[in-house]
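Engineer: Shown below is the structure under consideration.
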Amino acid sequence: MTDTATQPRSYEPGNHPDLPPPLLTSGPLAWVKHNLFGSPLNIALTVISLYLLYLIVPGLLNWAIFDAVINAGSREECKAIAAGACWALPAIRFDQFLYGFYPDHLHWRINLTAVLFFLALLPVLWDNAPFRKQWLIYSCIFPVIAFFLVVGGLGMEEVETTKIGGFALNVIIGVTGIVASLPLGILLALGRRSQMPIVRTLCVMFIEFIRGVPLITLLFVASTMLNYFLPPGTTFDLILRVLIMVTLFSSAYIAEVVRGGLQAIPKGQLEAADAMGLRYWQSMRLIVLPQALKISIPGIVNTFVGLFKDTTLVVIIGLTDVLGVGRASLSDSKWQGLPEEVYVFTAILFFVCCFSMARYSTYLEKKLHTGHKR
Amino acid sequence: MSEVAAAPQMQISDEVAIQMIGMHKWYGEFHVLKDINLTVNRGERIVICGPSGSGKSTMIRCINRLEEHQKGKIIVDNIELTHDVKNIAEIRREVGMVFQHFNLFPHLTVLENCTLAPIWVRKMPKKDAEEVAMEYLERVKIPEQADKYPGQLSGGQQQRVAIARSLCMNPRIMLFDEPTSALDPEMISEVLDVMVSLAESGMTMLCVTHEMGFARKVANRVIFMDGGEIIEENEPEEFFNNPQSARTQLFLSQILHH
Ligand SMILES: Nc1ncnc2c1ncn2[C@@H]1O[C@H](COP(=O)(O)OP(=O)(O)OP(=O)(O)O)[C@@H](O)[C@H]1O
Ligand SMILES: [Mg+2]
């Protein structure tokens with residue numbers, strides 16, 4: 001053996017042509033074999049899952065689609081046509097589900113706001129957007145545009161804010177809460193780690209107080225008790241109060257999520273920034289926050305999804321969001337006994353939004369991850 | 001190599017770069033630095049060594065206020081370090097620092113790491129900053145890595161980027177805190193080579209290091225610290241061949257015969 005090991009060897013290149021991989025190591029069949037039938041436990045799980053799907057899916061499809069009715073004037077008509085879901089109620093009241101009691105002839109303003117919102121969102125989410133800088137300026141002034149479009153003024157017909165309702169209300173509260181609570185939460189997180197004892201104490205107290213109280217209580221405070229604190233005679237729009245409370249509430253959660261991210265940044269990062277002469281806010285903005293926020297993305301999005309769903313709580317203080325519209329429509333005598341359809345419809349609306357947020361968060365994590373690790 | 005050691009000797013001016021007078025520092029009750037008196041002239045290259053925990057890092061970190069001293073004076077570039085934020089900012093602009101663990105910014109490319117401070121602190125236009133950065137990256141021999149992220153580089157390459165990053169601010173004084181002790185042996189020399197060439201260019205340097213070859217080659221003075229005090233201070237040849245105090249002798253025998 002030692003003899004052959006020390007012998008110099010050489011090989012003719014090209015003696016090993018490219019061969020196809022052995023059967024069942026790549027391709028869809030291999031995937032199925034490996035992932036679904038890889039081991040006895042795996043096989044058992046696959047079989048059980050398939051069985052459960054078999055039990056659930058056909059029934060669900062029949063109810064939701066094949067036996068469903070969309071054109072009908074009342075519950076009775078629905079039943080007479082087919083036994084499945086009766087989507088006629090959400091269909092007939094579709095506008096109300098979306099806009100609440102917002103005047104019919106002004107629905108275009110909400111629609112326009114929605115379109116403008118997506119245009120404003122695009123450069124924020126898409127960092128290779130052409131003319132991103134100029135576009136972002138538009139994103140910054142969008143809230144002002146949105147405000148006037150929704151509420152009126154500037155020569156446009158004014159709408160009482162209590163008329164805003166339906167899913168539009170959920171989106172308005174959710175988006176405002178998300179947009180406002182992120183910066184506020186970041187500031188609170190930085191404040192909580194500040195060297196200045198007064199700032200730190202204030203931030204800790206704020207965060208702990210807000211976190212320790214259910215959102216509903218805050219909403220009640222917003223709807224009733226705030227009047228006691230404010231100087232008499234001040235009227236202060238109810239939706240605005242709700243917006244403030246929702247923002248404060250989620251900013252406390254964001255602060256804690258971001259603080260977790262901040263703690264994960266090694267001290268050396270800040271020292272290097274200090275040694276280079278960067279100021280506090282510069283090092284935070286350029287060095288610490290980009291890294292800390294990247295780590296915090298799952299937590300931040302989690303908080304946002306929670307916030308968005310919590311917007312349905314405004315029903316309790318008398319606002320008619322999409323759930324409120326749903327409940328109101330159920331009390332219509334023509335449609336009594338239809339809760340499934342209404343709630344499933346609402347659930348789908350929320351699911352689409354929340355799932356998109358989750359997907360974007362996954363995408364963002366993946367994108368920010370490349371290149372940073374070996 | 002002897003000419004390398006001789007040539008920089010002549011560049012030392014009478015101008016004082018750093019002066020520490022009766023400087024003390026405490027961590028809570030713990031007296032870390034005791035009556036440090038040290039004057040560094042412009043163009044001088046000082047190597048600081050001593051056992052672990054002797055306060056070497058703390059001392060050089062006081063120079064750019066990463067740590068705050070509690071008694072005595074530190075004067076850098078004719079500016080006294082006080083609580084005055086403006087003085088601190090001015091000193092940090094003139095003093096570069098290289099850390100043991102590089103402390104590169106992992107979310108920025110090599111080039112962005114290098115241009116960050118010139119753009120934000122020196123208010124240099126981005127294009128100029130990039131030109132300067134590329135120049136220094138060439139000097140540390142890694143211009144081809146400019147668009148990579150620090151995580152994609154080897155330790156030695158990262159440390160050279162860190163040196164280039166400091167140099168981009170065009171500092172008058174460079175502080176090194178054990179720049180090679182986190183590196184694998186085969187990467188140490190590539191970093192030391194960069195430091196030697198920097199020394200040859202006449203940079204005022206304070207290096208905490210146990211690389212005695214480097215000390216012999218470029219240092220004007222070697223300072224030995226123990227227990228928060230400067231115990232001994234001498235020219236490298238004298239320091240290594242003829243250590244005065246018993247503690248220095250013990251230390252040298254430990255690091256030279258491991
Ligand atoms: N933030 C701190 N708080 C309290 N004590 C500290 C702190 N930093 C350092 N010390 C202590 O001060 C002493 C000097 O630390 P320093 O880091 O300056 O030592 P060093 O000479 O650089 O050692 P090494 O060679 O291990 O880097 C050590 O005893 C250390 O435990
Ligand atoms: Mg040290």
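Any read-out appearing in this document is the output of simple, stated calculations on the displayed coordinates, not a laboratory observation. Just so you know, these numbers come straight off a predicted model, no measurement behind them. FYI the Cβ positions are ideal-geometry reconstructions off the backbone, even for glycines, and counts take in every protein chain you see.
Engineer: Give me a count of the residues in segment B:39-54 that are over 17 Å from B:Met97 (Cβ atoms) and within 16 Å of ligand 1 (Cβ to nearest atom).
Structural biologist: 6
Engineer: Which pairs turn up if I take residues in segment A:259-277 that are at the interface with another protein chain (Cβ under 9 Å from one of its Cβ atoms) and look for partners that are surrounded by fewer than 18 Cβ atoms within 10 Å (Cβ to Cβ) and small (Gly, Ala, Ser) with beta carbon separation below 9 Å, at least 6 apart in sequence or on another chain?
Structural biologist: A:Gly277/B:Ala89
Engineer: Looking for something in contact with a Pro (Cβ under 8 Å, 6 or more places away or on another chain), within 16 Å of ligand 1 (Cβ to nearest atom) and in contact (Cβ under 8 Å) with a residue 12 or more places away in the chain - is there at least one such residue anywhere in segment B:89-98?
Structural biologist: yes
Engineer: In segment B:76-126, what residues are at the interface with chain A (Cβ under 9 Å from one of its Cβ atoms) and on the phi > 0 side of the Ramachandran plot?
Structural biologist: Across segment B:76-126, the qualifying residues are B:Phe102, B:Asn103.
Engineer: Could you check segment B:91-108 and list, in sequence order, the residues that are more than 22 Å from A:Lys294 (Cβ to Cβ) and away from ligand 2 (no atom under 16 Å from the Cβ)?
Structural biologist: The answer is B:Ile91, B:Arg92, B:Arg93, B:Glu94, B:Val95, B:Gly96.
Engineer: Against the conditions (1) touching a Ser or Thr at 6+ places or on another chain (Cβ under 9 Å); (2) within 16 Å of ligand 2 (Cβ to nearest atom); (3) aliphatic (A, V, I, L, M), where does B:Ile60 fall short? Just the number, please.
Structural biologist: (1)
Engineer: In segment A:266-306, how many are crowded, with 18+ Cβ neighbours inside 10 Å and part of a loop (DSSP other than H, G, I, E, B)?
Structural biologist: Number satisfying all stated conditions: 3.
Engineer: Still on this model: Filter segment A:137-170 for residues that are in contact (Cβ under 8 Å) with a residue 60 or more places away in the chain and not charged (D, E, K, R) and give the result. Working first, answer last.
Structural biologist: Filtering segment A:137-170 down to residues in contact (Cβ under 8 Å) with a residue 60 or more places away in the chain leaves A:161-170.
Those that are in contact (Cβ under 8 Å) with a residue 60 or more places away in the chain and not charged (D, E, K, R): A:Thr161, A:Thr162, A:Ile164, A:Gly165, A:Gly166, A:Phe167, A:Ala168, A:Leu169, A:Asn170.
Engineer: Output the number of residues of segment B:55-74 satisfying the condition of being basic (Lys, Arg), within 14 Å of another protein chain (Cβ to nearest Cβ) and more than 10 Å from ligand 1 (Cβ to nearest atom).
Structural biologist: 1
Engineer: Report the residue count in segment B:179-202 for those that are charged (D, E, K, R) and under 17 Å from B:Val161 (Cβ atoms).
Structural biologist: Result for segment B:179-202: 3.
Engineer: Step by step: first the residues of segment B:121-131, then only those that are over 16 Å from A:Asp274 (Cα atoms) and hydrophobic (A, V, I, L, M, F, W, C), then the one that is farthest from the chain's Cα centre (by Cα). Which residue is that?
Structural biologist: B:Met124
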